[in-house]
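Values in this text are rule-based calculations from the coordinates and carry no lab data. Note that the structure is a prediction, hence the values are computed from the model and not measured. Quick reminder, even Gly has a Cβ in these numbers, built from the backbone with ideal geometry, and neighbours come from all protein chains shown.
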Amino acid sequence: SVIRLPSPVPFNTNINKVALPRNDVYVGDTVIPTGWGKNADSAGGITDKLRQVNSKIISVSDRKNVYGTIIDQRIVCTSTTGGKGTCNGDSGGPLNKDGKTYGITSFVASAGCESGLPDGFTRIVEFLDWIAEKTGVVPQ
């Protein structure tokens, strides 16, 4: 989400603005989803440690083989090789590459986060015009 704050937030090593991408990510790119969600389907709750994993962007055809046409161009999916990826509680977290946020964690497969099925992220580049219109923020 995009929010307007009543006063500026002081940036430091733990708090900083999001760097928006100018371009999209591509099939095979290594990206890093980050989150506080469960570390397993069987976990009783979210983790107390920020976690991340290296994932690869998958093709539209691979994505459609799993999710059909319900997923459109506004979603980018990653592989979850070995059942490693996002999980319940990670929604809203970033999908980063080279210091830029390319996606926002949206969903894991209904079969579970250890199923090996692709994770889905809202594709930031699809919303750059909207972000600029609402906030005046454009990629650097």
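Structure values in brief
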{"quantity": "Reachable lysines from Lys84, criterion Cα separation under 24 angstrom, eight or more residues apart if same chain", "calculated": "Lys38, Lys49, Lys56, Lys64, Lys97, Lys100"}
{"quantity": "Fully extended contour minus Cα-Cα distance, from Asn65 to Glu126, at 0.36 nm per residue", "calculated": "19.7 nm"}
{"quantity": "The chain: Cys lacking any partner C-beta under 4.7 angstrom", "calculated": "Cys77"}
{"quantity": "³J(HN,Hα) computed for each position of segment 76-90 - Karplus, 6.51 cos²θ - 1.76 cosθ + 1.60, integer Hz, glycine/proline x", "calculated": "10, 10, 10, 6, 10, 3, x, x, 9, x, 7, 8, 4, x, 8"}
{"quantity": "Using θ = phi - 60° and Karplus 6.51 cos²θ - 1.76 cosθ + 1.60, couplings along segment 31-44 (whole Hz; Gly, Pro as x)", "calculated": "10, 10, x, 10, x, 9, x, 4, 9, 6, 4, 7, 4, x"}
{"quantity": "Cα convex hull of segment 30-135 - mean projected area over all directions, nm²", "calculated": "7.2"}
